[in-house]
Structures are given as C-alpha cells and as structure tokens.
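The values are calculated or read from the model by the stated rules, or taken from the named source; none is laboratory data. Since the model is a prediction, treat every value here as computed from it, not as a measurement. All Cβ positions, glycine included, derive from the backbone under ideal geometry; neighbour counts span all protein chains shown.
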Amino acid sequence: MRVVITGGAGFVGSHLADRYLADGHDVVVVDNLCTGSLQNLADASKNARLTVVQADAAEPWPVHGNVDLVLHFASPASPVDYARLALETLAVNSSGTWHACDLAERSGARLLFASTSEVYGDPSVHPQPESYWGNVNPVGERACYDEAKRFGEALITTRVRRGSLDARIVRIFNTYGPRMAENDGRAVPNFIAQALAGQPLTVYGDGRQTRSFTYVDDLVEGIVRLAARDGARGAIVNLGNPEETTIAAAAEVIAALAGVQLHVEHRPLPPDDPTRRKPDITRARELLGWEPVTPLREGLTRTLAWWRKARSDYST
C-alpha cells in the first residue's frame, strides 16, 4: 500500500509514518516544515520506502503515481502555532482539505482527515459524543483553528454524500508523547520543559479545567484501525482518553516524575479556553474495538525519558 501523510514531519504525523513503514507500506510525507521537523523522521529516513516532499499542503500537491490512503494531518495544532500562523491554518484545513479530497477521488484512495476535539468548543454536553454540534466562538482568537477544522469536516462529509469519496474523520483529543515541540504551548510540553529547567509550572486559571490525555501510540493505533476499517465511509470517530484529568493533577504528576518540588505560577485563562474535555468513545469501541491502554503515569514516564535524551543529544 502507498500512503500519503500530510504533516508527516509533525508530532503525530511522524509517528504515523513510523507505523506504516513498520507495517511494510510505502510512505510519502508532504510537509512544509512550518511546525514539523525532519528530525522527527530521523529513524524513518533510514527506510528506502519513505519519500519526503517539502511542499505546502494548502497548494496543489506534487504527488504522482498510485495512492491507496491519504492521511491529511497538515495543520498547526497548538494555540501558540495557530495564533502565529492563523491564515496558514485556515488555508491548509480548507484548500488543503480540498486537495486531499481531489487526490483521494482521482486515485480511488481512502481519505482520513485529522479533526480535533476543538470542534466541540467549550462544551455544554459532557462527555462529548460525535453527535454533539459544539459550542464554538466563530470569530474568537481560536476560530482560525476551531472553525477551520469544522469547515474541513463539512467539506469532507458533503463530498462523501455527493460523490464517490471514501473518507472518514477522526476527532483527536489531547495527545502527548515523544516529539512534542518544547515551545508547543500545550500543558504537557510546557510542564515538562519547566520542570526539567527547575522553573515554576505555569497553570492557567485555577487548574480545575480538565483534559483527555492520550498517549500517542494509542492514538496511532486508533487511526490505523479507522483507516483500515471497511464499511466506515463517512464515519466520524472520537479518539481520546475517557479518563478526565485536571490540569492541576497533570502538573503534580509531571513534577513528581521529574523529581522536582511542585511550584505553580497561575496566569489568567486564555480566551475561549475550554473548561472540560472528556470524549465519549462508545463509537470507537464498537466500530474499531479501540480504547487507550497506556496509563497517564506510564505515558508521561516514557515522554520524560525521551525529552531527557533529546536534550542530552542536542547538548553534545
């Protein structure tokens, strides 16, 4: 099978590239490296079945030949990045998604679109099932990401209904693990970087807001299952951890695992920051036989080990 992964040099995309290569497939990565890094593909690049195309996925894709699966993961995904690259985020989730649909239809390939739990906004329904329409500010500071993903979903579902496109959508909840960028701006990399530097951990608000922390290997397994599932044309599936964790609790665990005393610096909540996140994963369980299996402490231990090694390698 020949797999095209946009954003394949990013955090999740590079783990997907590793997985499909390990499974014996040919992988084409399309990435303009605006938030990704070729260092994330250091191991994958040793495999002759990997091709890297440095290009903007918001523009027509320079991908030729047979394609069996398209994974459209190109997009800034952290608040820091999509604030800095707001127009680019809108473009890659609109024009880029259009190009993804075109390539999949031309090739007779399956398409899997990486959406996000942010389509639910600051939810008034808890936990969030796929049937929930969300509570999103369409003109707020986060709209460049939230509404871009919602448009991508609307485009794909419309083309599925009106044509021959075989596409499915994954709504990804908070994912962490090796290869997250230190300047990512999200809770886990922020806390790890601060803990290892002996700095106070920055907690926005009172820390009682919750997230659904999913280890990246568990997420990849769910994505691979959804992409391979026959009869899932048009499916929309939450992938996340139904174990709800407060930001304050995550800070405590990371400080303990890093072996430092917990010191917290509180700052105001950013605009439209969601107060609760917890996916309803009934559909993932029934359709894919999937649920996360990595406990938070175990996943954070692996992540910290990778972080320490990466810092050591960088300094030598």
(message) Which condition from (1) free of Cβ contacts under 8 Å to residues at least 60 places away in the same chain; (2) part of a loop (DSSP other than H, G, I, E, B); (3) of a type in the set (Asp, Glu) is the one that GLU252 breaks?
(response) (2)
(message) Based on this model, can you work out whether ALA232 counts as part of a loop (DSSP other than H, G, I, E, B), of a type in the set (Gly, Ala, Ser), at pLDDT 95 or above and surrounded by 17 or more Cβ atoms within 10 Å (Cβ to Cβ)?
(response) yes
(request) Name, by its number, the condition in (1) in a loop (DSSP other than H, G, I, E, B); (2) closer than 27 Å to HIS266 by Cβ that does not hold for VAL139. (result) (2)
(request) Please work out which one of (1) surrounded by fewer than 16 Cβ atoms within 10 Å (Cβ to Cβ); (2) in a helix (DSSP H, G or I); (3) within 19 Å of the chain's Cα centre (by Cα) is the condition GLU243 fails and give its number. (result) (2)
(message) When you check THR275 against the structure, is it farther than 25 Å from ARG168 by Cβ, touching an Asp or Glu at 6+ places or on another chain (Cβ under 9 Å), β-branched (Val, Ile, Thr) and outside any helix (DSSP H, G or I), yes or no?
(response) yes
(request) Please identify the pairs in which a residue from segment 282-293 that is within 15 Å of GLU243 (Cα to Cα) has its Cβ atom under 6 Å from the Cβ atom of a residue that is among the basic types (Lys, Arg) and part of a helix (DSSP H, G or I), counting only partners at least 6 apart or on another chain. (result) TRP290/ARG225; GLU291/ARG285
(message) Quick test of your reading of the structure: VAL63 fulfils all but one of (1) farther than 27 Å from ASP230 by Cα; (2) in a loop (DSSP other than H, G, I, E, B); (3) not basic (Lys, Arg). Name the failing condition by number.
(response) (1)
(request) Among what's in segment 116-132 and is without any contact (Cβ under 8 Å) to a residue 12 or more places away in the chain and of a type outside the set (Val, Ile, Thr), pick the residue that is surrounded by the most Cβ atoms within 10 Å (Cβ to Cβ). (result) SER124
